[in-house]
Amino acid sequence: MQVSSLNEVKIYSLSAGRSLPEWLSDRKKRALQKKDVDIRRRIELIQDFEMPTVSTKIKVSRDGQYIMAVGTYKPRVRCFDTYQLSQKFERCLDSEVVTFEILSDDYSKIVFLQCGRFVEFHSQHGHYYRTRIPKFGRDFSYHYPSCDLYFVGASSEVYRLNLEQGRFLNSLQTEASESNVCDINPVHFLFAMGTAEGKVECWDPRTRNRVGLLDCALSSVTADTEIDGLPSISALTFNGALNMAVGTSTGQVLLYDLRSSNPLIVKDHHYGLPIKSIQFQRQLDLIISADSRIIKMWNKDTGKIFTSMEPEHGINDVCLYPNSGMLMTANEAPKMNIYYIPVLGPAPKWCSFLDNLTEELEENPESTVYDDYKFVTRKDLENLGLAHLIGSTLLRAYMHGFFMDIRLYHKAKMMANPFAYEEYRREKIRQKIEETRAQRVQLKKLPKVNKELALKLIEEEGEEQQMTRKRKQKNLPSLLKDDRFKVMFENPDFQVDEQSEEFRLLNPLVSKISEKRKRKLKILEELEAKGEEEEEEPEGKASDAESSESSDDEKGWVEEVRKQRKLLRQEEKLKRRERSKEDQQTLLKPQFFEIKEGEEFRSFKDSAKKQKLMKKPLEDRLKLEENLGTLNVSDTTVGSKQATFKLKKSEQQRKQQEAEKVHRQERKTLRRSANHLKSKRGRGRLFH
């Protein structure tokens, strides 16, 4: 039995291990079980719980006694009796089964939807009746109140077959081109179908009218999802009267409340594979969704992952045994998997021994395969001198390193560092000596950073402890022992600067108090240097002297503040004098600037004038512009004002404009002279 754990949820795989071939005789099977330990230790919960090649669908009867599965090849159905833990019967079919439904509480009434548009009915004795639908079917549901079968498939119609009358009824006309899945609510019998266009249509079987339409394709697209193509509906399941879960072909699961058109939550499998199955686990409010690669269990309210499973082979269908923690899957492999998850619920009645078995395994955990191997990186191999083994069978590449045999690792470590035992022995001796020293009287070691602050806190703690003893109160936690303030006494960036202006103004009496603490610090440093084991506390003054000092401090508080301010002013004056001296000593060197081509040099006075103009208010600047003639302000008929600006022109532009004017005047004079000559010639010809 294979055990895996994810998010502290243990999953027991009851079908792990090798399976024996069917063609072996019982005698050879018993002989193999005696020889092979793996075959002997395997758990075969249900005998021959498998298919010849592939299993496609798996379901449990309503009474919980029978498990039915369909698969290939050849197409067949197998029924397993849980009370006998063996196969009940097997029936071969003419074509592959798309899906099937158990209509009765046991296996006596079964309906199969097959690939060749056939619908086959089986009773307790075997094949009962066979009919055909007009188009290829993909899914069907049974409506118990009216005994109607609703078939959906490669058509826009939903075909209805009444089992009481034995005839087809009028089909439902939908807007979809094709439909993939359908389901009927067990409470109010609402019929829902998922289309290839990514929509869910809801119909009322009583009136045969559509009552709702959900666009799941649009709702499944979020900011985090990456979708290739239009999502179609691949799975659909109801939970109670109001909840419905929809799975898409792009790997999203949407949970809906039927009273709203927006999904409550959208869960992405992140594999881009169609959702094959959706199940509800009501005890823990979980949703079990599966695609062909993974089975995910997540909370339906928050979407948080509870646990997940990745079988070795592709998944075709998932079936949760009712009111238990057992999960069965139909796979792209002969063997059908059975999982037991104790957190989901107890084991079924027919295999109650699983609870005792899992409890024993939890009490006596076995060593895993990785206990016999050591994970090493490439750097570790170079230190051990085993880098030449990379690529050999002695090392198994895994992630950023390698797995190697633990015995080989210990041998190589002993050869690389033969004195490792001596170092280990010295370390143990040192630890024992430190334990004995801890029992002696020790000095109060102050931190390297903010020693005076630490000493102040220690003094305050001593005073508070005396007060709490008298009042019989609980001691408050110390700041020195609190991890939140540990960095303040370790990192030099948090050192208190007592020479700063803020500190001196806020703490005017710190000078007198700090003198006492500095004396204590000197004494403690001397004791630490000498290495004495007992701490000598400096003698304090009498209580009367301390009270008088406190009163003097209160009286001289204002004087101390004034003194500090005077000192700060003097220091500022000294700094200014030093700066002025430095400015006088510095020699200013000339700086050269390169002028771009096509630009004229202007003095630095123009920039100074511009800066002065920019500092002036807008009104003054407008007056200057009016005086210069670049601005014209006029009143309009409505009462508002109209301002027109003229751009300032550079000297080059002015010269160009003047040259253009001269050129125009010259051309005008030439034209006038030419016209005058033409007119004279015309007059002379007339006279001739």
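Looking at this structure, is Lys88 assigned to a strand (DSSP E or B), open to solvent by 90 Å² or more (accessible area, probe 1.4 Å), of a type in the set (Lys, Arg) and assigned by the TED database to the domain that holds Ile184? Spelling it out, Lys88 is indeed assigned to a strand (DSSP E or B), open to solvent by 90 Å² or more (accessible area, probe 1.4 Å), of a type in the set (Lys, Arg) and assigned by the TED database to the domain that holds Ile184. Given the criteria under 33 Å from the mean Cα position of the chain (by Cα) and surrounded by 12 or more Cβ atoms within 10 Å (Cβ to Cβ), does Lys379 qualify? Judged against the criteria, Lys379 is not a match. Among the residues of the range 141-160, those identified as open to solvent by 10 Å² or more (accessible area, probe 1.4 Å) and not small (Gly, Ala, Ser) are Tyr142, His143, Tyr144, Pro145, Cys147, Glu157, Tyr159, Arg160.
Among the residues of the range 382-409, the ones that are at negative phi and either open to solvent by 100 Å² or more (accessible area, probe 1.4 Å) or part of a strand (DSSP E or B) (or both) come to 14 in all. Scoring Leu113 on the criteria (1) more than 18 Å from Leu236 (Cα to Cα); (2) surrounded by 15 or more Cβ atoms within 10 Å (Cβ to Cβ); (3) of a type outside the set (D, E, K, R) leaves a single failure, condition (1).
Ala333 passes every criterion in (1) farther than 16 Å from Gly247 by Cβ; (2) outside any loop (DSSP other than H, G, I, E, B); (3) touching a Ser or Thr at 6+ places or on another chain (Cβ under 9 Å) apart from (2).
If I filter the range 46-85 down to residues being over 39 Å from the mean Cα position of the chain (by Cα) and of a type in the set (D, E, K, R), which single residue comes out as surrounded by the fewest Cβ atoms within 10 Å (Cβ to Cβ)? For the range 46-85, the residue satisfying everything is Lys74.
The values are calculated or read from the model by the stated rules, or taken from the named source; none is laboratory data. This structure is a prediction, so every number in the text was calculated from the model and none was measured. In this analysis, Cβ positions are derived from the backbone assuming ideal geometry, glycine residues included, and neighbour counts consider all displayed protein chains. The protein model used for the area step is the full one, side chains on, heavy atoms only, and it has no ligands, DNA or RNA in it. Shrake-Rupley method; radii C 1.70, N 1.55, O 1.52, S 1.80 Å.
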